[in-house]
Every structure is written in C-alpha cells, then in structure tokens.
Amino acid sequence: QVQMVESGGGSVQAGGSLRLSCIPSSPTFTRYATAWFRQAPGKEREFVAAITWSGQTTAYSDAVKERFTISTDDAKYTVNLQMDNLEPEGTAVYYCAARKAGWGRKASDYETWGQGAQVTVSS
C-alpha cells in the first residue's frame with residue numbers, strides 16, 4: 001500500500017524556520033492534490049495547506065497564511081512546506097496527505113497519508 005513519506009521535522013525557536021518535504025513511497029503513485037495537516041496533543045487534526053498536482057492552485061489556513069509556503073518541484077514528485085516565523089502554537093505532528101481528486105480542507109477528503117513529522121517550536 002502506497003504511503004506518503006515526510007521528512008524535515010525538528011525543533012526550532014519561535015521566529016525560526018523549518019522545511020518539510022513529502023514524497024510518495026512508490027514513484028509511480030498518481031495523485032492530483034497534496035495537503036499538509038497538523039495535529040497538536042489533545043487537539044483535532046487541522047488543515048494547513050494544499051496544492052494541486054500542477055502547482056498552479058494553492059490554499060492555506062488562516063493560521064499559517066503569509067508565513068507558510070507550499071510548493072512542488074519541477075517533476076511534480078516532491079511537495080514541500082516552507083514554514084517561516086514559526087510560533088509555539090505550531091508545535092504538532094505534521095502529516096502529508098494525497099488524493100486522486102481536487103484539493104479539500106477536510107482530513108476525510110484524503111485517502112493516502114504519511115506517518116507524520118514532529119515539529120516543536122519553543123518560546
């Protein structure tokens with residue numbers, strides 16, 4: 001079963017930056033939209049950002065807009081999430097998810113998930 005594979009998590013002080021990357025476990029996996037979600041301890045999983053396969057359409061939650069950037073490489077294989085000016089509220093496990101349809105904001109919209117990458121932001 002194909003999964004998404006996240007990399008790049010870690011710890012940073014408030015105001016710092018981290019970059020997450022996501023690839024499918026199989027290079028032949030076909031997806032249309034990829035999204036990042038995050039889940040903090042004791043909270044529900046929440047939408048962070050999404051991008052269509054072409055990279056032409058992106059969407060962000062209000063909480064990260066203007067600070068996070070989602071992008072895809074020229075081969076449309078890797079999806080990156082550049083996170084700048086991180087806040088302690090950004091501490092969470094970040095999940096990459098993909099679907100074979102247009103992007104959505106609900107976790108239930110996505111069929112294929114990764115194991116998650118821990119991001120810790122200290123004040």
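The values are calculated or read from the model by the stated rules, or taken from the named source; none is laboratory data. Model, not experiment: these values are computed from the prediction. Here Cβ is always computed from backbone atoms with ideal geometry, including for glycine, and neighbour counts include all displayed protein chains. Ligands, DNA and RNA are stripped out before the accessible areas are found, and what is left, the full protein with its side chains, is counted by its heavy atoms. Shrake-Rupley method; radii C 1.70, N 1.55, O 1.52, S 1.80 Å.
If we keep just the residues of segment 71-123 that are open to solvent by less than 60 Å² (accessible area, probe 1.4 Å), in a loop (DSSP other than H, G, I, E, B) and aliphatic (A, V, I, L, M), which is farthest from Ser11 (Cα to Cα)?
Only one residue tops the list, namely Ala101.
Quick one: in segment 36-56, which of the residues that are within 13 Å of Trp103 (Cα to Cα), modelled with pLDDT of 95 or more and of a type outside the set (Gly, Ala, Ser) is surrounded by the most Cβ atoms within 10 Å (Cβ to Cβ)?
Trp36
Considering segment 68-78 alone, what residues qualify as being over 13 Å from Phe37 (Cβ atoms) and either of a type in the set (A, V, I, L, M, F, W, C) or out of contact with any Phe, Trp or Tyr (no Cβ under 9 Å at 6 or more places or on another chain) (or both)?
Ser71, Asp73, Asp74, Ala75, Tyr77, Thr78
For segment 10-34, what are the residues that are touching a residue at least 40 places away in the same chain (Cβ under 8 Å), assigned to a loop (DSSP other than H, G, I, E, B) and closer than 20 Å to Tyr110 by Cβ?
Selection gives Pro27, Phe29, Thr30, Arg31, Tyr32.
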